1. Please report, in Å, the Rg and the Dmax of the stretch A:113-179, where both are computed over Cα atoms only.
2. Quick one: P(r) of the stretch A:215-261 from all Cα-Cα pairs, 5 Å bins, percents rounded to integers, in order of increasing distance.
3. How large is the Kirkwood hydrodynamic radius of chain B, in angstrom, based on all distinct alpha carbon pairs?
4. Compute the long axis of helix A:86-99 from its Cα atoms, compare it with the longest principal axis of the Cα atoms of chain A, and write down the angle in degrees, 0 to 90, nearest 10.
5. Filter the trypsin sites (Lys or Arg not before Pro) in the stretch B:100-183 down to the DSSP loop ones having no more than 12 other Cβ atoms within 10 Å, then list what survives.
6. For a quick size check, give me the Cα extents of the stretch B:59-106 along its three principal axes, largest first, whole Å.
7. List the relative contact order of the stretch B:59-106 as a percent without decimals, with contacts defined as Cα pairs under 8 Å and 6+ residues apart.
8. If a cysteine in chain A has no other Cys Cβ under 4.7 Å from its own Cβ, put it on the list, ordered by number.
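Every number in this text was worked out from the coordinates using simple rules, so none of it is lab data. All values derive from a computational prediction rather than experimental measurement. All Cβ positions, even for glycine, are placed from backbone atoms using ideal geometry, and neighbour counts span all protein chains on display.
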Amino acid sequence: MGENVAIVGVGHTKFGVRNDVNMPELAWEAIKQALMDAGLEQKDIEYVVVSNAGGWSSEPLPAVVIAEYSGLAPKGTVRVEAACASGSAAVKLAHDIVASGHVDIAMAVGIEKMNESPTPTVVEFIGRAGNYFWEFHNFGLTFPGYYALYATAYMDKYGATEEDLCKVAVKSHYYGARNPKAQFQKEITVEKCMASRYIAWPLKLFDCSPITDGATAVIVANEKVAKELTDTPVWIAGIGHATGTSNLSKRTTFTSLEAGTLAAELAYKKAGIDMDDPTKVIDVAEVHDCFTIAEILAYEDLRFAKRGEGVKLVREEQTYIGGKIPVNLSGGLKAKGHPIGATGEGMIAELTNQLRNKVEKDRQAPIKNGYALAHNIGGTGHYAYITILSLSKPRR
Amino acid sequence: MSEGKKTQKDMMEEQMKQFYSFVESMKKSMGLPMVPDMKTGQALWVDQREVTLKFIISIDKIKEFFNALADGKLLGTKCKKCGEVFFPPQKDCPKCMDSEVEWIELSKEGTLLTFTQINVKPYSFAHYDDYIVGIARLPEGVNVTAWIREKDPSKLKIGMKLKLEIVKREPENYYTYEWVPVE
Ligand SMILES: [Zn+2]
């Protein structure tokens, strides 16, 4: 199983339209925060994994551009892609090279500069993120379109409504309004969401996460180093990963993401969490709500609710603070923003600070058991990475 | 496409044209492709290089599929060893580590599994009216994604019967396939 690995420093920029900085300048904001948070210097970082989806931004070798600008070169680096789950994949790789004993300290940096291209170009690129030849080329599916296929099927099977989906967005904006790093910091109402135009029927504008620039960073270290650096290391207790089909037509269900379900089982097993009711142990979760329907699917894939009952958690407001399990207290992808390659480290940075009791008071979850979960999906269930964090040292 | 009506593509292109003519006027006065962000005034450099993406894709192993479309047929493939049917067609069966995979003609009937209407379209599809995309299951147990010939998504129901037609996609003028609701 290798060595225990802990998070010792995190960084998270303001998400949004970041036309005030270029790509390496934006990345440096997050890297600097993470180094200062850990009390480390660049020379201490032995390997850097950079997550970036790209295509819409000008630099084709972002890892090197960032390493040079941030003074992390000449240490080794690589850029990884797992679509919207690239960030969690980067943390997994940083974790693995530390767990293997190869290095003592590694860093995962997430970066996305989506606003370097006009919106139609970005819509085009994300629409191609499924199966280009058999889905996009002839039928012009978009990213909201793929999730709309799930929304139509889920609503039909379980009687969920467009109002139910809007209630997810209302919660995201409620917490986004309390997060100074969020792209959208204004509360919305169900009426406002319902009145917004269709993007991919039945999904409307307020069901969709925005186009976002952002950077995030997570520094991980082995047990010996972590204990020297901090009194509150946040341990990586388990990571689960799985892959879905690239072509949606090859899937057997459109009311759950099979890869997400499988990754959850693997992560719970590794972390030793009872799968019958993980909400008993997990204090707070960040789930992949690129669209409102995706948050409901996540509740069920993660076993926070039975199949078909995720929508009940929404109606009963069970995922606000004080409910069964607080979810997306950052505002989620929907309100905090979704800078594709930076989203995963962003979730893990947020949860690290939640476990440390260090986020804004009106969106701080009560930490009882010291467990948090990041659910990060790439594409439309193409990639799934689930990372479980813990304040107590994993038993190996 | 409706005649005389502006498509999303027309609107996108008008917007881009306006922006680039603004860039040209800034270039004329400053000698640099530097413009202020419309909202914040932050300085932006506008790329002076441009690239077009148009891929050339190898289809030699599955060219029968495309040739059959021209004859009005929808083909899939089937592994001679394990019997698995593939759509989209593929000539390798990963389960059997084998390439003994044969062509079969698929029935052109389906049951609708799910659907959506694309309202905000990608640039390369922005010249079309809003289109409906659906996934339907064939009796052979494989699913086919395609446009559904219907303008109003509220007229469709999951579980309804559809027929597949081989059609010419216009204005590009190439063969593809489309689901049609059965009255
Ligand atoms: Zn076979």
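1. 15.4, 43
2. In order of increasing distance, the bins hold 4, 15, 18, 11, 11, 10, 11, 9, 7, 4, 0 percent.
3. 20.3
4. Value to nearest ten degrees: 30.
5. Details: sites: B:K108, B:R137, B:R149, B:K151, B:K155, B:K157, B:K161, B:K163, B:K168, B:R169; in loops: B:K108, B:R149, B:K151, B:K157.
Listed in order of number, the matching sites are B:K151, B:K157.
6. Principal-axis extents of the Cα atoms in the stretch B:59-106, largest first: 31, 20, 13 Å.
7. 37
8. A:C84, A:C208, A:C290
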